[in-house]
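To keep things clear, I will list the structure first and then write my remarks on it.
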Amino acid sequence: NRKVVLASRPDGAPTAENFRLETADIPAPGPGELLLRTVYMSLDPYMRGRMSDAPSYADPVPIDGVMTAGTVSRVVSSNNKDYRPGDWVLSYAGWQDYSVSHGEGLEKLAGDSLQHPSWALGVLGMPGFTGYMGLKDIGQPQAGETVVVGAATGAVGSVVGQVAKLKGCRAVGVASGAEKCRYAVDTLGFDACVDRRADDFARQLADACPDGIDIYFESVGGAVFDAVIPLLNTKARIPLCGVIANYNSRDLPDGKDRLPFLQALLLRKRIRMQGFIIFQDYGDRYQEFVDEVGPWASAGKVIMREDIVDELESAPQAFIDMLQGKNFGKLVIRVGED
Ligand code: NDP
């Protein structure tokens, strides 16, 4: 049983030394318990927060603790009448091959997730729910409006863009590099996608949004947000989902304090910016997502590119790379055979 534990807390960007691979015996399930084999493991930006002991909405992973992750697993053996060997379940087994569960918090895969088990970690799982719900509830998209989203080919952003299009909006993505931008337009159906690493990024974004921005789905922060600010329309909405550009920051950025300017802008243009944590705020509305996005995913109207990396040992580097935009699509580790 391989497991990846948190060896130390990162100071700035995580490094390989912050993780440690360990091996242990495969645990034995007790009465009422079942043994799970991890097949797919999700890597998500929020894990950077769990590596830190700074105040957050969730507890940190303890030093020497197994790193947290959502997983798709198969039941190997079961002493629990609700589960049989071979069942597929969504669980939170973390970065390890095997885990023992009482059955609480597990969800049996059903529908399209049974055909495509990794989708339960992406388009039909937490990231898809995040993009859908943040756009719908806080963004309140109206046909004809312009929606901008960063990390446009990633797990959350790709759903934001495709759902925005299905709601009749103009969808403008931001991503790093020509290949991702081409994919956003040609395959995901964005109206435009701008390379955030281009020298004239801010001007290109302005050109892609001739009518300004009505909804900015904020997943990234940093220079992308800087370029968005002057383009925001009166009554714009900003679902504040993530600020990945800051996750490795130690300090405030250099330069002038722009907070008073931002406050005045929010006031003058009556802009609504609202943070949300998906399951805390919307856990009771999961069915809405299943009912609306499920059929779109079945029909191929909402897709999510997967970036599948083999082997648990690859997880630390894949995670480090994701924080630098090296993933292309939803990052998933294939831990075991399905
Ligand atoms: P992605 O699959 O989109 O992967 C992360 C992407 O972020 C990278 O591929 C990269 O895309 C982009 N990125 C990295 N660094 C920067 C930077 N400095 N500036 C701009 N973009 C950058 O991840 P997810 O879809 O899983 O997550 C997207 C965001 O949503 C994260 O901020 C995450 O924390 C947040 N989130 C929030 C939730 C909530 O409940 N509030 C739930 C789930 C996710 P590229 O290089 O193409 O720009």
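Regarding the range 317-332, can at least one residue be identified that is among the aromatic types (Phe, Trp, Tyr), under 19 Å from the mean Cα position of the chain (by Cα) and more than 28 Å from residue 110 (Cβ to Cβ)? Looking through the range 317-332, at least one residue is among the aromatic types (Phe, Trp, Tyr), under 19 Å from the mean Cα position of the chain (by Cα) and more than 28 Å from residue 110 (Cβ to Cβ).
Within the range 68-91, track down each residue that is over 14 Å from residue 39 (Cβ atoms) and in contact (Cβ under 8 Å) with a residue 12 or more places away in the chain. Result: 68, 77, 78, 79, 80, 82, 83.
Consider the range 54-83 and keep the residues that are more than 19 Å from residue 105 (Cα to Cα) and modelled with pLDDT of 95 or more. The one that is farthest from the ligand (Cβ to nearest atom) is 64.
Does residue 151 fit the bill of being among the hydrophobic types (A, V, I, L, M, F, W, C), surrounded by fewer than 19 Cβ atoms within 10 Å (Cβ to Cβ) and assigned to a loop (DSSP other than H, G, I, E, B)? No, not satisfied. Taken as a whole, the condition of being free of Cβ contacts under 8 Å to residues at least 24 places away in the same chain, outside the structural domain of residue 320 (by TED's automatic domain parsing) and away from the ligand (no atom under 15 Å from the Cβ) applies to residue 186.
Could you tell me whether residue 129 is hydrophobic (A, V, I, L, M, F, W, C) and either within 24 Å of residue 70 (Cβ to Cβ) or near the ligand (Cβ under 8 Å from one of its atoms) (or both)? Yes; evaluated as a whole, the condition is true for this residue. The set of residues in the range 92-125 that are in contact (Cβ under 8 Å) with a residue 60 or more places away in the chain and among the aromatic types (Phe, Trp, Tyr) comprises 95, 98, 119. Filtering 163, 156, 174 for residues that are crowded, with 23+ Cβ neighbours inside 10 Å, within 16 Å of the chain's Cα centre (by Cα), part of a helix (DSSP H, G or I) and within 13 Å of the ligand (Cβ to nearest atom) leaves a single hit, 156. For residue 234, the conditions (1) surrounded by 10 or more Cβ atoms within 10 Å (Cβ to Cβ); (2) of a type outside the set (A, V, I, L, M, F, W, C); (3) assigned to a helix (DSSP H, G or I) all hold with the exception of (3).
Any idea which of (1) within 14 Å of the ligand (Cβ to nearest atom); (2) free of Cβ contacts under 8 Å to residues at least 60 places away in the same chain; (3) in contact with a Gly (Cβ under 7 Å, 6 or more places away or on another chain) is the one residue 168 doesn't satisfy? Just one mismatch for residue 168, condition (1).
Residues that are more than 13 Å from the ligand (Cβ to nearest atom) number at least 2 in the following helices (runs of 4 or more DSSP H) confined to the range 264-324: 286-298, 315-322. If you filter the range 277-327 down to residues that are more than 30 Å from residue 51 (Cβ to Cβ) and acidic (Asp, Glu), you find that the one that is surrounded by the fewest Cβ atoms within 10 Å (Cβ to Cβ) is 291.
The values are calculated or read from the model by the stated rules, or taken from the named source; none is laboratory data. Remember, predicted model here, so these are calculated numbers, not experimental data. Cβ sites come from the backbone with ideal geometry, for glycine too, and all protein chains shown count toward neighbours.
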